[in-house]
Amino acid sequence: MGDLTSVLSALRKSGLLLKQDKALPNVVTTITGESLTASRWSHPRAAEIYAALEQVSERTDVIETKLSAAKVTFVLAPLWPALLGVATCREPWQLASLSTPAKRVRLAGPSGVT
């Protein structure tokens, strides 16, 4: 339970926490105390890392989404309105790298009609 406690404490500090990253705050570094250069599966504490990731994933006050560099990020409930705002604002920077078919779908909105 100590690993989950430390992960939740780190998550509460900023409201979001990456699953794994070499530079930014993340679950794996929070548990191991080190920035991994290899897969977390090869770490001696892999089972503990996996268990903590599963426990965080199952929480009803946390969602997983891909944010920075398309990396899985855990986001606490208080930040969900801001996340939704960014996700639905349709700013040019959000659409710039989309393919033409993806732009059509994205611009169509929830009903699928342009």
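Bear in mind that the values in this text are calculations on the coordinates, not laboratory data. Please read all numbers here as calculations on a predicted model, not as lab measurements. As a convention, Cβ positions derive from the backbone with ideal geometry for all residues, glycine included, and neighbour counts pool all protein chains shown.
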L79 meets each of (1) assigned to a strand (DSSP E or B); (2) under 28 Å from V105 (Cα atoms) with one exception, condition (1)
Condition set basic (K, R) and surrounded by 13 or more Cβ atoms within 10 Å (Cβ to Cβ), scope segment 1-60, selection farthest from W80 (Cα to Cα): answer is R45
Q.
Is it the case, given these coordinates, that I63 is surrounded by 15 or more Cβ atoms within 10 Å (Cβ to Cβ), among the hydrophobic types (A, V, I, L, M, F, W, C) and in contact with a His (Cβ under 7 Å, 6 or more places away or on another chain)?
A. no
Within segment 51-73, the residues that are in a loop (DSSP other than H, G, I, E, B), without any contact (Cβ under 8 Å) to a residue 12 or more places away in the chain and basic (K, R) are R59
S68 - would you say it is in contact with a strand residue (DSSP E or B) (Cβ under 9 Å, 6 or more places away or on another chain), among the small types (G, A, S) and surrounded by 13 or more Cβ atoms within 10 Å (Cβ to Cβ)?
no
Can you confirm whether segment 70-90 contains a residue that is of a type in the set (F, W, Y) and either at positive phi or more than 14 Å from the chain's Cα centre (by Cα) (or both)?
no
